[in-house]
Amino acid sequence: MIEWIHPGLILIFGSLFIPLIGNRRVKQAYFVILPVLALIDLILISKGFFGGVPSSHWSIDIVGYDLLLGRVDKLSMVFAYVFVIAALCMNVYALHINRDWEHVSAMLYAGSGLGVVFAGDLFSLYIFWEIMAWSSLFLIWFRGTRSALDAGFRYIMWHLTGGILLLAGILIHVQTTGSIEFVSFLDSWGSSMAYYLILLGFIINAAVPPLHPWLTDAYPEATVTGAVYMTAFTTKSAVYVLIRGFAGLELIMWLGAIMAMYGVIFAMLQNDGRRLLAYHIVSQVGYMVCGAGMGTAMAINGATAHAFCHILYKALLFMGMGAVLEVTGRSRFTELGGLYRYMPRTFWLYMIGAFSISGFPLFNGFVSKTMTVEASALIHQPIVWFLLEGASIGTFFCIALKLPRNVWFSEEKPVVEAKEPPINMLAGMGMLAALCIFLGIYPKPLYDLLPYPVEFVPYTSEHVLGICQLLFFAFIPFWIMRESFRGEEKIVLDTDWLVRIPGRRFIRFCEDTLIRYAEFDEKRFFVFPALLERLSKSIRAIQTGYLQDYLRIIFAIVIISLILASIGGMLI
Amino acid sequence: MNDLILMTIAVVLLLLGSVVSYRYPRAGFFSAVAAVMTAFFACASPEYGIFILLIGILNLISLDAIRSKIRGIDYGLVGFMVIVTMYIFNTAELSLVLASFVLVSVPTYILVMMREDEMDVEVGVKYIVFMVIATVLFLTGAIILAKGIESLYVLGYVALILGLALELGIAPLHEWVPDIFARADPVPLSIIASIAKIVPFVVAFRILYSTATELTGAVMVFTALLAATSMFIGNIGALTSREHGRVLGYSTVANMGYLMSSLLAVTEPEFLPLALAGGLLLLFSNACGKIGFFSAMKGEDAYSPFTYMLSFSFLGVPPLIGFWGKLFIAITLIRIEYVWLAVILLINSAVSIPYYLRLAKELGKAWHPSLTGFIVLASVLITLITIAPNWFVDGIEALMPLILIEMGG
């Protein structure tokens, strides 16, 4: 009997056959069947066909270390389920795409995400982590534009750098403890450099500010379907490893809470629909990171549930905006407007995602977000609670009001004609929308999957009234100031609205700081390349091209070395 | 004994092919392929041999991409280097080991001069001067070490390491590398940067291990410093170099720095297999990358996903071969308590990201079937052989009893 089948490897190895299939219909069917097979595999694992949950499988010895590819427990299963369900819906959405290698990249990416989730040791975690980075890179590059190429380049630089930090941390940890098992590092936190490096590697992938620019830079540049895949796996696998490795670390609780608000603030300044949504990934992942940092059973459940729901609705939102881009070729608010009359179905499907992310009752965001927010209240962290609730208002503002108004409604004449996207795109969106509503109305299947028993009841009058009040009072100012929320051609960091505080100096200080930061953010990478360039030039200065110069240098080094060696030899 | 007969047959085949190639150049190619395959069956380690076979055959095929004035003989020269590289673990005699070092080096003197329809003597002279100095230093060091005179041990060690550094292009003795790599033809360079690097490393590894004394631990810092210097100078030098050949030259300097650090394990028999496996995998990764990139330069038609795969392998992205090479070396360094060097290795991997990606971007084109395109594809496939590297590490462990060289006083 087969001991176990890795769902990720079904996608990874299965994807390699996609370019070999000639018939288009067969290819499309195969592309949908792959995640279905992975889903069946997961159901079999859940049902105990391969030894129940928790269990361990596929232990491989490599140079004396036991790599564990299949650590199955409740935490890994809930992430695996949502990864596979999302991959299925995304594959349906991407069926009309003819680029085989884009499909291969997407499945490698999803498969390696599953690899991370099931990795029981740090080495196999690292391996899948890196495969995830480079397979997703092609989802950006397949867009083929100059800006996509550049953004992809920056994206991979971030991830490879993060990967190296992670590897350095892992190696130091292994050297110190002798173990490669991937367990909680909370008890060892602060005892070695290793854990800072590992955490740094993790939070780069979680897009924690200021290490987030790779996300907001690259996701809007990816292909229409590629961006949808990217919303699901990198940040959420980072949330998974944070829960696994650093649950209860107060530092990440604060990082998460700040992140939730940070993403929202910067989202408000965006003119590009997909970039606005990308900033909201930063914000929403903030809830999860914060939940992981709180570390209580309810917070972990909240973070996990929110990751599950977020993958569904954020993919749906990106699909909606992607559909607009697909049929109009535009994603800037200043170039769009009045699309409702051409794309009503897309609009309503998008709005289901928007209501979900805003945490409306009867949508899945409500059943997960409230759990994390309540967890912060229960551990008496009012500032965290305030940041998370505040971010909810901003999210509603941007995604349910600003974006739809600019894209689908406009009091001016529509500047572009459009039509509904291909049927498969609507089908993919429909599947996700159905899940958003289903889990919003009946959250029990989701709660049953969570790592800890759930003692949380979302539909209490307190929760429902609380969120309704919040959203209602957010709507009123939007309606009053609706003209101010139109897109602008340039990203102008006008900080006046942020700080209406007496004293010009203070305002200027704030403006300068933000603008400087934004400029740094625009560069999106480290400042040390200039230093390296200077060093590099001096190194190249000795390359005169003349044999005699080189011989002088070489003889000098040889003679000095040999003299030193002779002296050293005598001394020793 | 059988292996000696097979090796002799291989050499005879090669000589015959080279002679006949005067009239029928194609015969030179086929005899060289037959010879290296024969040598493969005599190789002490099939796991090691399979890589040499694949790299060697790719080197031979790549010669077709250049209209060489010495067509026919060039197959013989490359075939000979491959056979010697196959043979390097078969003998425990110092004289033969040292002869191998020289025999792999000499054919490159001629290859480096190869250009389209002519010979570039100036490049050849420059290169030969450095190689001769390298050989003299290396042999002097090896003989001093073999004599086992304690008072001269440090001198011998340093001379050997300096010779190796000059031969492989390790900083600060790397000056010839970027210049030659920027000027010579990509095809011979793909050979010089791949197969020719293996024997010097293996010979140095075996000699240092066989002659290690209690002094080795102290003098090893010299090797560690050279390794670190080479990593930094190589990577930083590559960052602002624009010519692809020069970037690849500096990349060699950096890679040889990583390689050099695996020599620090020679005093620790426990970690020797991991260090040797790491060093060899790094050499194979370097060979695949250099063959691929130089072929891409020559043909200007490499498929861009392949050039990116080669870059990822160089950067040490799992599960490609370059990852395992760097990982094994890093683990070895940490275990022998050279943590600072492991950290420098990782920092340098990060520093190298921009230029490898730039190379991949600039050399990558749309898919177009061609000879050089095929070579790039084949080198990418080699980087995937060790997705699960256990078989290779097991093979190297089995090779350990053959590592020791008889010094004979």
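This table checks each residue for (1) modelled with pLDDT under 90; (2) in a helix (DSSP H, G or I); (3) within 19 Å of A:GLY322 (Cβ to Cβ).
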{"site": "A:ILE131", "(1), (2), (3)": "no, yes, no"}
{"site": "A:SER135", "(1), (2), (3)": "no, yes, no"}
{"site": "A:ILE140", "(1), (2), (3)": "no, yes, yes"}
{"site": "A:ARG154", "(1), (2), (3)": "yes, yes, no"}
{"site": "A:LEU160", "(1), (2), (3)": "yes, yes, no"}
{"site": "A:TYR196", "(1), (2), (3)": "no, yes, no"}
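Kindly indicate whether B:SER285 is free of Cβ contacts under 8 Å to residues at least 60 places away in the same chain and either within 19 Å of the chain's Cα centre (by Cα) or crowded, with 24+ Cβ neighbours inside 10 Å (or both). Quick ask: steps written out before the conclusion?
Details: free of Cβ contacts under 8 Å to residues at least 60 places away in the same chain: no; either within 19 Å of the chain's Cα centre (by Cα) or crowded, with 24+ Cβ neighbours inside 10 Å (or both): yes.
No.
Matching residues to (1) of a type outside the set (Gly, Ala, Ser); (2) in the same structural domain as A:MET319 (by TED's automatic domain parsing); (3) touching a helix residue (DSSP H, G or I) at 6+ places or on another chain (Cβ under 7 Å):
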position	(1), (2), (3)
A:ARG99	yes, no, no
A:LEU108	yes, no, yes
A:SER112	no, no, yes
A:GLY163	no, no, yes
A:THR176	yes, no, yes
A:PHE182	yes, no, yes
A:PHE185	yes, no, yes
A:MET193	yes, no, yes
A:LEU211	yes, no, yes
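May I ask you to say which residue of A:PRO35, A:PRO19 is closer than 21 Å to A:ILE97 by Cβ and modelled with pLDDT under 95? Can you show your working first?
On the way: A:PRO35 fails: modelled with pLDDT under 95.
Just one listed residue meets the conditions, A:PRO19.
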Any idea which of (1) more than 10 Å from chain A (Cβ to nearest Cβ); (2) touching a helix residue (DSSP H, G or I) at 6+ places or on another chain (Cβ under 6 Å); (3) in a helix (DSSP H, G or I) is the one B:ALA398 doesn't satisfy? (2)
Can you name the condition, by its number, that A:ILE21 falls short on among (1) in contact (Cβ under 8 Å) with a residue 12 or more places away in the chain; (2) surrounded by 14 or more Cβ atoms within 10 Å (Cβ to Cβ); (3) over 20 Å from A:ILE131 (Cα atoms)? (1)
Could you tell me which numbered condition B:ARG242 fails, if it satisfies all but one of (1) assigned to a helix (DSSP H, G or I); (2) closer than 23 Å to B:LEU173 by Cα; (3) more than 8 Å from every other protein chain (Cβ to nearest Cβ)? (1)
Determine whether segment B:184-206 contains at least one residue that is surrounded by fewer than 24 Cβ atoms within 10 Å (Cβ to Cβ), within 14 Å of chain A (Cβ to nearest Cβ), touching a residue at least 12 places away in the same chain (Cβ under 8 Å) and in a helix (DSSP H, G or I). no
Among (1) of a type in the set (D, E, K, R); (2) within 14 Å of chain A (Cβ to nearest Cβ); (3) crowded, with 24+ Cβ neighbours inside 10 Å, where does B:LYS290 come up short? (2)
Within the bounds of segment B:210-217, is there any residue that is touching a residue at least 24 places away in the same chain (Cβ under 8 Å), in contact with a Ser or Thr (Cβ under 7 Å, 6 or more places away or on another chain) and not in a helix (DSSP H, G or I)? yes
Being at the interface with another protein chain (Cβ under 8 Å from one of its Cβ atoms) and hydrophobic (A, V, I, L, M, F, W, C) is the filter here, so list the residues in segment A:138-164 that pass it. A:PHE138, A:LEU149, A:PHE153, A:ILE156, A:MET157, A:LEU160, A:ILE164
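Quick one: in segment B:11-56, of everything that is assigned to a loop (DSSP other than H, G, I, E, B) and farther than 18 Å from B:TYR87 by Cβ, which residue is farthest from the chain's Cα centre (by Cα)? If you could, list the steps in order and put the result at the bottom.
Of segment B:11-56, the ones assigned to a loop (DSSP other than H, G, I, E, B) are B:21-24, B:43-45.
After this cut, where a residue has to be farther than 18 Å from B:TYR87 by Cβ as well, the list is B:21-24.
Working: B:SER21: 27, B:TYR22: 29, B:ARG23: 32, B:TYR24: 30 Å.
Per the stated criteria, the residue is B:ARG23.
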Tell me which of these A:ALA148 doesn't satisfy, since it passes every other one: (1) under 20 Å from B:LEU327 (Cα atoms); (2) at pLDDT below 90. (1)
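Being farther than 25 Å from A:LEU16 by Cβ and either of a type in the set (A, V, I, L, M) or not assigned by TED's automatic domain parsing to the domain that holds A:ARG330 (or both), is that true of even one residue in segment A:123-130?
Within segment A:123-130, none of the residues are farther than 25 Å from A:LEU16 by Cβ and either of a type in the set (A, V, I, L, M) or not assigned by TED's automatic domain parsing to the domain that holds A:ARG330 (or both).
What about B:VAL78, is it of a type in the set (A, V, I, L, M, F, W, C) and crowded, with 22+ Cβ neighbours inside 10 Å? Outline the logic, then answer.
Details: of a type in the set (A, V, I, L, M, F, W, C): yes; crowded, with 22+ Cβ neighbours inside 10 Å: yes.
Spelling it out, B:VAL78 is indeed of a type in the set (A, V, I, L, M, F, W, C) and crowded, with 22+ Cβ neighbours inside 10 Å.
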Among the residues of segment B:378-395, which ones are more than 10 Å from every other protein chain (Cβ to nearest Cβ) and surrounded by fewer than 17 Cβ atoms within 10 Å (Cβ to Cβ)? B:LEU381, B:LEU384, B:TRP391
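The values are calculated or read from the model by the stated rules, or taken from the named source; none is laboratory data. Source: prediction; values computed, not measured. All Cβ positions, glycine included, derive from the backbone under ideal geometry; neighbour counts span all protein chains shown.
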